[in-house]
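**Q** Below: one structure in structure tokens.
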Amino acid sequence: AFALSAVPEGVEDEAELPVLQKSEKSGTVNEKSKELKEIVFIIQSQSNSFHSKRAEDLRRDILEQAADIGKELPTVLLIHQMDGHEGSWTILPLMRDFSITYGRNSSWIFFCEEDTKIQVVKLLETLGRFDESKEWFLGKALYDEESTIIHHYAFAENPTVFKFPDFAAGWALSIPLVNKLAKKLKSEPLKSDFTIDLKHEIALYIWQKGEGPHLTPVPEFCTDDVSSYKVDHCATTFSNFLPLCGEPVKKEDVFVAVKTCQKFHGDRIPVVKQTWEREAALIEYYSDYADSSIPTIDLGVPNTDRGHCGKTFAILERFLNHSSPRTPWLVVVDDDTLISIFRLRKLLSCYDPSEPIFLGERYGYGLGTGGYSYITGGGGMVFSRTAVEKLLASKCRCYSMDAPDDMVLGMCFSGLGIPITHSPLFHQARPMDYPKDYLSHQIPVSFHKHWNIDPVKAYFTWLAPNIEESRNGKKVGHNREDL
């Protein structure tokens, strides 16, 4: 089912293939360039003030480009402003609305992130090569080099055969495919299940075990930086940077809580001390055993084999009652989380700690039927003091001491109407669990797990601040070996 089409004779480069798939109804590409009004742009926006402003800036830029070329203005929507439910960011629950609203008068729905840069004329030309009356799923292709836990070990025999889109480059669905997906969702509602890696899960849903289209790679959908010499042919680009909005927050403004237990004192804690502990001015280790050599603090909460809700809520209480009331940020990490506090301080300069902020890598549970989003704990959970205050002032608590802390927190914040804030720079898994091309346009803040890697080497390869980065905040190349 996964056999890729053979490259036709005379085509030397597979990248040329989409050119051969231009509209059958057109004589030339330019003749049939899509009218801009037939494209619906969907920006993966968030309600947090920093993110919503960036999305609004992109929306304005798209509309200004459209006005400059004298085209009718397209529809540009921000996903966080759409009516519906908390699952809007997972996109599939919106397909029926898209089909009803745009199914007759539009040709394409184009999705992008708030930092995707779009050359509108080039995008029109690119989409104009494809017959919009057919089912198309277009994007920049990513694939797993080896099967990975974050994709439930899909296609274990050869994970490279399954392609999924890099959202940063933008991706597009033709309206016939949107209508087909809407019809399927009407008869088979989404299951109440986990959303872990949206780009992979959407591609799987569209593929439908071989019955639907697989992703068609489009070379003009790029993640090269706009200043790169490679971008002349690109309809989209992506700025490869770590947000910095003024001075990084002070070291003393970030309190770091490390969750551990006695059985890991000997192997995991030494890794923290050899790597990122030196970046933290305020750090405490919370365990089920007080060990003065680390030192650890026994919160009086026994260790559990499963979730650690009791321990995490005890950490939140301690932060509120025992740390300086002037410390605006709390970071809760596992003892096998690798994190760059240096980069986190830059990232936090973009957020207002007077807002209730719960930041990290976003997962979802049961979002097809209501459900809630949550920050997955292994990549690190970042709280503004305001968020901790609002949470603890509510009645929301663990339903059991060994409940999954990250999911309970997501449920609580959802009930309080406080949206979580997603950053793709936090990672629940190891560097080797992500496509290299995906990580190549990131400056990561965290990774998680020590399985089958040298975690110290992983930290110094991917996360350690180096002299140039420390001095001027610019991205520098890392010697990122296969880890």
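The values are calculated or read from the model by the stated rules, or taken from the named source; none is laboratory data. Keep in mind that this is a model prediction, so the values were computed, not measured. Every residue, glycine as well, gets a Cβ built from its backbone with ideal geometry; the counts of neighbours run over all protein chains shown. Remember, those area values only see protein heavy atoms, side chains included, never the ligands or the DNA or RNA. Shrake-Rupley method; radii C 1.70, N 1.55, O 1.52, S 1.80 Å.
**Q** Anything in region 149-182 that is touching a Lys or Arg at 6+ places or on another chain (Cβ under 9 Å) and either farther than 29 Å from G128 by Cα or at pLDDT below 95 (or both)? List them, or say none.
**A** I149
**Q** For region 177-226, which positions are charged (D, E, K, R) and under 18 Å from L367 (Cα atoms)?
**A** So the first thing to find is which residues in region 177-226 are charged (D, E, K, R), and the list is 180, 183-184, 186, 188, 191, 193, 197, 199, 201, 209, 211, 220, 224-225.
Passing the criteria: K184, K186, E188, K191, D193, D197, K199, E201.
**Q** Among the residues of region 328-349, are any more than 30 Å from G266 (Cβ to Cβ), β-branched (V, I, T), open to solvent by less than 20 Å² (accessible area, probe 1.4 Å) and assigned to a helix (DSSP H, G or I)?
**A** No.
**Q** Identify, from the list G10, G27, G84, G70, the residue that is at pLDDT below 50, at positive phi and not charged (D, E, K, R).
**A** So the residue among G10, G27, G84, G70 that is at pLDDT below 50, at positive phi and not charged (D, E, K, R) is G10.
**Q** Being without any contact (Cβ under 8 Å) to a residue 40 or more places away in the chain, open to solvent by 10 Å² or more (accessible area, probe 1.4 Å) and among the acidic types (D, E) narrows it down to one residue among D454, D437; which is it? Write out each step before concluding.
**A** Values: D437 fails: without any contact (Cβ under 8 Å) to a residue 40 or more places away in the chain.
It is D454.
**Q** Considering only strands (runs of 3 or more DSSP E) fully contained in region 211-321, which possess at least 2 residues that are in the same structural domain as S400 (by the TED database) and open to solvent by 30 Å² or more (accessible area, probe 1.4 Å)?
**A** Result: 282-287, 296-298.
**Q** Let me ask something additional. Are any of the residues in region 339-350 among the small types (G, A, S), in contact (Cβ under 8 Å) with a residue 12 or more places away in the chain and closer than 30 Å to L198 by Cβ?
**A** Here is the first cut: in region 339-350, the residues among the small types (G, A, S) are 340, 349.
Going one step further and asking which of them are in contact (Cβ under 8 Å) with a residue 12 or more places away in the chain, we end up with 340, 349.
Retained after the next criterion (residues that are closer than 30 Å to L198 by Cβ): 340, 349.
Yes; the residues of region 339-350 include at least one that is among the small types (G, A, S), in contact (Cβ under 8 Å) with a residue 12 or more places away in the chain and closer than 30 Å to L198 by Cβ.
**Q** With the structure loaded, tell me whether A154 is touching a Leu at 6+ places or on another chain (Cβ under 6 Å), in contact (Cβ under 8 Å) with a residue 24 or more places away in the chain and either in the same structural domain as S187 (by the TED database) or buried (at least 19 other Cβ atoms within 10 Å of the Cβ) (or both) or whether it fails that test.
**A** Against the criterion (touching a Leu at 6+ places or on another chain (Cβ under 6 Å), in contact (Cβ under 8 Å) with a residue 24 or more places away in the chain and either in the same structural domain as S187 (by the TED database) or buried (at least 19 other Cβ atoms within 10 Å of the Cβ) (or both)), A154 does not qualify.
**Q** Under 8 Å between Cβ atoms, which residue pairs at least 6 apart in sequence (or on different chains) link something in region 290-315 that is more than 20 Å from E389 (Cβ to Cβ) with a partner that is open to solvent by 60 Å² or more (accessible area, probe 1.4 Å) and aromatic (F, W, Y)?
**A** T296/Y289; D298/Y289
**Q** A further question follows. All but one of (1) in contact with a helix residue (DSSP H, G or I) (Cβ under 8 Å, 6 or more places away or on another chain); (2) over 22 Å from Y363 (Cα atoms); (3) among the aromatic types (F, W, Y) hold for Y229, so report the exception by its number.
**A** Single failed check for Y229: (1).
**Q** Also: Within region 399-434, track down each residue that is among the aliphatic types (A, V, I, L, M), under 15 Å from the mean Cα position of the chain (by Cα) and open to solvent by 10 Å² or more (accessible area, probe 1.4 Å).
**A** Of everything in region 399-434, those that are among the aliphatic types (A, V, I, L, M), under 15 Å from the mean Cα position of the chain (by Cα) and open to solvent by 10 Å² or more (accessible area, probe 1.4 Å) turn out to be I420, L425.
**Q** Scan region 172-193 for residues that are buried (at least 16 other Cβ atoms within 10 Å of the Cβ) and under 30 Å from F426 (Cα atoms) and jot them down.
**A** Listed by number, the residues that qualify are A172, L173, L190.
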